[in-house]
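Please treat every number below as a calculation from the coordinates, not as lab data. All figures in this text were calculated on a predicted structure; none of them were measured in a lab. Neighbour counts run over all protein chains shown; Cβ positions are idealised from the backbone, glycine included.
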Amino acid sequence: MGRSKESADRNSRQRFSGESKVSSEEHQVGRKLPVLTAGRRTSLLAAIGAILLWMALPPLQIAPLAWLAPCFWCALIACPRSLKIREYLILAAVGFLFWMAALHWLRLPHWATSFGWVALSFYLAWYLPSFVGFSRIGVHRFRIPLPLAAGTVWAGLEVARAHLLTGFTMASLGHTQYRWLSLIQIADLVGTYGVGWVMIFVSGCLYLAARRVAEFRWALAYRRSDQACSDGTFLKTPARQLLSASCPIVAAGVVLGAVVLYGHYCLQVHAATPQTSTVRVALIQGSQDIRLEDGDEKRERIHRHYLQLAFLAARQYRNLDLMVWPETVYGGVLIDADSHPALPPEWLAQRKTGEEFLNQLIAAKRSSEAAMERLAYELDSRLILGVETVAYTKGGIRYYNSAAFVGKCSSDEVSPKTENIPDANELENLSTSAQVSEGASSQNLNRKPYCYLGRYDKMHLVMFGEYVPFAEQFPLMRYLTPLSTNTTPGKLPRAFSVRGVRFCPNICYESVIPHLIREQILELRKLGSEPDVLVNLTNDGWFWGSSELDMHLICGVFRAVETRKPFLIAANTGFSAVIDATGRILSQGPRRDVAILVTEVGKSGFHSWYLDHGIIPNSIFLFAVVLMIAAELLLWVINRWCRRPRP
């Protein structure tokens, strides 16, 4: 009776852990076969999964392999024995090598950026052992089915990766499927993270099915089909064993089928939703590789290069409503100031008065704006220009990475609510002479067809690429990077109106952060200026045509689906692109070559649930992971307390 109870307990443990019963005869045969040690088995499984995922990402982009890669990590999750610390370190090492290979382009801008390449890869490496370890808690401690536990943990970790250390979502699992439009439409419900959840769920089901089929073949080989399978149930016929193996396939088919059907429905709805009030936009893509040590001569050459392309676009395409230049390719500098700018040290050294400084500052400000207005007049088109802004503030000189808008001088070109946003960079009430000068300039501007109407300052900066953290408190840290100045982040999003269609610019890697784009749109909606079109200005000339261009483009595809708004990209060296609200790339510029992409975009009634309520699925994914970790820690503490010696 005791033996029967002991056998039943062992079968119950095997049922939940996924451990299969192996007879003594099978053990004898196993001794004759080469057996991998625990460390080697972990290394092999982790490496195969990492290699397959790398092959699914740019530059190879063999997308189907992304569905197979997690299967090998699921084998580690289902392993019935406890993984040792050394095995988790092996997983971290494999993760480090994966990210070093995937993000190799980070070494290209400057030799110093190689340190950032290594540091970022080291940080991201720990997500693989975290995924395996946290998933094992769900499977072995809380008996959650492997596909469900693994999918939720993966999605939760991707949410964390998008927020921690300023956020980084490039090379996400769901990004491998950006061409499968009917699959990625679910991003308007659960974001990019939801696409990753579906993929991990399907991969987990594939692993369970493959394992049960392998057990069935093993049982047939030894004519032991009446033995217990991995879930502890006694199968007397091969038909029932195959039925058990088919259950995960059915579950995967139901989930994937529902997602694809929803995607087809969204594509049909979008096709039946016409755009209104369309405007004609030209995206200017030049091809100028960039290095951090480039000086003013290279900057002037880039400016002339884009001038030639812009005038070519104006000649070839008539009646353009808007031209968009990439990030920081405009050769001039935009000058701005707040109400009481501090006098620069060099000005004080010359013993000049504050009024003289204010007058000269006003003249420089108007001159920088007038240069953009003349360019718009010569091109006969509104402009969104990637430009560097130098702002004189009470706290000193500030540098911004900006998107400047030059539009029609008529008042209907400016979104009223957006213009009422408090702007600390406007020049107001500097002095009596300043007010007179500004008033005269405004009267003259009203006679011009084009006026400088404002700018957007990049809000989300790249650490060690645009600023050095704690540099103001510890100035010596500036010497750790080749940066000559620290860029200041902007405070508010902006929307620029072109014939009634509002364009919301974002700059460079801001398109990589899903919640940033979503929050910008919601902020503008509160002000009554929700944008109709998103436009990304980026300068990827730093990366010399590498796979970074592909990864950056894919982020734009998912931002379009998540927000259900057209997404335009103007990129130096590529990839400029026109992406509709379903994530379909309508046109795309070449790699490291020039292009002029002309498209018509407008307002659309296509709606996104994720745009309004994206915080809900993101919080669910993240909370589920935190809850599992907290419960595991609590059980560990209780266990330790119960085992302590009693007095």
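In terms of its C-alpha gyration tensor, the range 257-328 comes out oblate, because a/c is 1.5 or above while a/b does not outweigh b/c. Shown here for the range 299-333: trypsin sites (Lys or Arg not before Pro) in loop regions (DSSP other than H, G, I, E, B) with at most 13 other Cβ atoms within 10 Å, namely ARG318.
In sequence order, the range 336-343 has phi-based couplings of 8, 7, 9, 5, 9, x, 6, 6 Hz under the Karplus curve 6.51 cos²θ - 1.76 cosθ + 1.60, θ = phi - 60°, and Gly or Pro positions carry x.
Treating r as the C-beta distance of THR37 and TYR317 and R0 as 56 Å, the FRET efficiency rounds to 0.30. So what is the diffusion coefficient of the range 38-161 in µm² per second by Stokes-Einstein at 10 °C and 1.306 mPa s, using a Kirkwood Rh over Cα pairs? For the chosen part, D equals 106 µm²/s. Evaluating 6.51 cos²θ - 1.76 cosθ + 1.60 at θ = phi - 60° for every residue in the range 76-86, the Karplus couplings come out as 6, 5, 7, 4, x, 7, 6, 7, 7, 4, 4 Hz, glycine and proline recorded as x.
Every Cα-Cα pair in the range 279-407 was counted, and those over 17 Å apart are 63% of them. Highest mean packing comes first when the peptides 245-252, 506-513 are listed by Cβ atoms within 10 Å, giving 506-513, 245-252. Summarising the strand pairing of the range 476-633, around 45 percent of its internal DSSP beta bridges are antiparallel.
Expressed as a rounded percentage, what relative contact order does the range 77-129 have, with Cα pairs under 8 Å and six or more residues apart?
Value for the range 77-129: 47 percent.
Between ARG141 and THR353, the modelled labels are 7.3 nm apart [label points 7 Å from Cα along Cα→Cβ].
Classify the range 78-151 as rounded, prolate or oblate, taking a ≥ b ≥ c as the square roots of the eigenvalues of its Cα gyration tensor: rounded when a/c is under 1.5, otherwise prolate if a/b is larger than b/c and oblate if not. Prolate. Spin-label model, GLN268/ARG217: points 7 Å from Cα along the beta carbon direction are separated by 4.1 nm. Using the Karplus relation 6.51 cos²θ - 1.76 cosθ + 1.60 with θ = phi - 60°, the per-residue 3J(HN,Hα) values for the range 56-70 come to 7, 8, x, x, 6, 6, 8, 4, x, 5, 5, 7, 8, 3, x Hz, with x marking Gly and Pro.
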